[in-house]
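Since every read-out is calculated from the coordinates, none of them should be taken as a lab result. For clarity, every value in this text was computed on a predicted model and none was experimentally measured. Cβ coordinates were reconstructed from backbone atoms using ideal geometry, including for glycine residues, and neighbour counts include every protein chain displayed.
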Amino acid sequence: MGGTDSYVNVSDVGRIHVAAALDPEVKSKRIYAIAKHVTWNDHLAVMRKMCPEKKFMDDLKDLGIFSGKVEDEGLGLKLLKKWGPQDDWVPLEVGIKETLESVP
Amino acid sequence: MALQKAIPDGSLVLVIGAASFVGSHIVNEFLKKGYKVRATDYDISKASWLASSQFSSYTASGHFEFICVPDILASNAFVEVLKDVSAVIYVAAVVTKPNPNDTIPQNIKGTLNCLRQAAKQPSVKRFVMTSSYGAAFNTISDPDVVLDATAWNETAVKMAWAPPPYDASRIGPVYKASKVGQEKALWKFVEEEKPPFVVNSVLPSWICGRLFNKVQNPSSAILVRELFNGQERWLRDLGVCKFFRFCWEV
């Protein structure tokens, strides 16, 4: 395997930590913070759309994709919704844009 | 109707490892919710921007303060900073090195050191540890893997503790094995010591997003930058190994 298999935005990770401290119903839990299972090719597709003029590498081949199961996968999202302010994970497009704006 | 909360509104939260990519966002989210934050990290030169620029308005209003804790293993490392704290968020980890002896015991000891000192501070109601989903599993294409409360990445633990040489390829397994060790120690502590607070852990996948300050280690987000720049060789050849060279504080 040669890359990522999932992503999560750092601000969602921050919000889930807050929820893990605040929520009276969440006790002795391992909370998985996984927004979506994606590969590097999904990242490349977003970048090509962001910068149509720029030449990017071809899609990578033989990327592993997560095929297991996450028990209580919905807990992270449930906490984001409950403690706000959003209704869903921050999209991959936003995370890529924020990363490219801030990481030299 | 206001949501019921496990810690009082506006109370003081301690974030340990606050200058890291994840730590700084945890601070940000607590401040936005109206909590007071006491932030710590081990190196003031890499953390002073938190109080002086990023969260300066909160510093001015008395909602944010930074205290340097240079050694998380010291016997009284957290006693002072734990005073009046309602929740502890433990993000800290030492820089991952290829030799497991240089990382894993220190991270386990640091976590336990903080737990023990927090258990003596009656104001603490919550303890949250930053783990990684790499602590739970190793092979992404294994259809049998179930990420649950009992999923541990024993493959990484074996790889981390394999005999020398300790080359760069060991950094990934050592990072994951360290999170396994930290989390197992955390849950064992909960079971045996029954601390007077609730414990949760957070296991993020690959993290991207805004880096608040250029002095910060971009952790996994560096991959997005390198992919954009077309630095593809390592993506194909080195894969995960390179990531973990950058990933030392989540």
Run the reach check for A:K27 against aspartates and glutamates, Cα to Cα strictly under 20 Å, same-chain hits fewer than 8 apart removed. What comes back? A:D12, A:E71, A:D72, A:E73, B:D9, B:D148, B:E183, B:E191, B:E192, B:E193
Using a Gaussian network for chain B with springs between C-alpha atoms less than 10 Å apart, which of these wobbles most: B:K214, B:K46, B:K109? B:K214
How far, in degrees from 0 to 90, does helix A:40-50 lean away from the longest principal axis of the Cα atoms of chain A, to the nearest 10? 70
Can you tell me how the stretch B:1-82 classifies by the Cα gyration tensor, rounded, prolate or oblate, using a/c under 1.5 as the rounded cut? oblate
Modelled label-to-label distance, B:Q106 and B:E154, 7 Å Cα→beta-carbon offset: nm? 2.9
When chain B is treated as a GNM, springs tying every alpha-carbon pair under 10 Å, which of B:D84, B:D71, B:D167 comes out with the largest mean-square fluctuation? B:D167
Gaussian network model of chain B, Cα within-10 Å springs - most flexible of B:V124, B:V79, B:V199: B:V79
Sorted from fewest to most neighbouring beta carbons within 10 Å, what does the list B:E65, B:E29, B:E191, A:E73 look like? B:E191, A:E73, B:E65, B:E29
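Tell me the relative contact order for chain A as a rounded percent, counting alpha carbon contacts under 8 Å between residues six or more apart.
It rounds to 39 percent for chain A.
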May I ask you to derive the relative contact order of the stretch B:12-246, considering only C-alpha pairs under 8 Å and at least 6 residues apart, and to give it as an integer percent? 20
With axes computed from alpha carbons, what is the tilt in degrees of helix A:92-102 against the longest principal axis of chain A, rounded to the nearest 10 within 0 to 90? 80
Need one word for the stretch B:12-246: rounded, prolate or oblate. Basis is the Cα gyration tensor (sqrt eigenvalues a ≥ b ≥ c); a/c below 1.5 gives rounded, then a/b vs b/c decides. oblate
Classify the stretch A:38-98 as rounded, prolate or oblate, taking a ≥ b ≥ c as the square roots of the eigenvalues of its Cα gyration tensor: rounded when a/c is under 1.5, otherwise prolate if a/b is larger than b/c and oblate if not. oblate
Lysines within cross-link reach of B:K120: Cα-Cα under 16 Å, excluding same-chain residues under 8 positions apart? B:K83, B:K194
How would A:S67, A:S6 line up from fewest to most surrounding beta-carbon atoms within 10 angstrom? A:S67, A:S6
What dipole magnitude, in Debye to the nearest 20, does the protein assembly as shown give about its Cα centre under +1 on Lys/Arg Cβ and -1 on Asp/Glu Cβ? 500
Which lysines does B:K158 reach when only Cα atoms under 24 Å apart count, and residues fewer than 8 places away in its own chain are ignored? A:K69, B:K97, B:K109, B:K176, B:K179, B:K184, B:K188, B:K242
For chain B, calculated [θ]222 nm from helices alone, where every DSSP H run of n ≥ 4 adds -39500 (n - 2.57): -10000 deg cm²/dmol
Sort B:C68, B:C114, B:C208 by Cβ crowding within 10 Å, fewest neighbours at the top. B:C68, B:C114, B:C208
When the scattering of the protein assembly as shown is computed by the Debye formula from its Cα atoms alone, each counted once and equally, what is log10 I(q)/I(0) at q = 0.12, 0.15 Å⁻¹? -0.83, -1.35
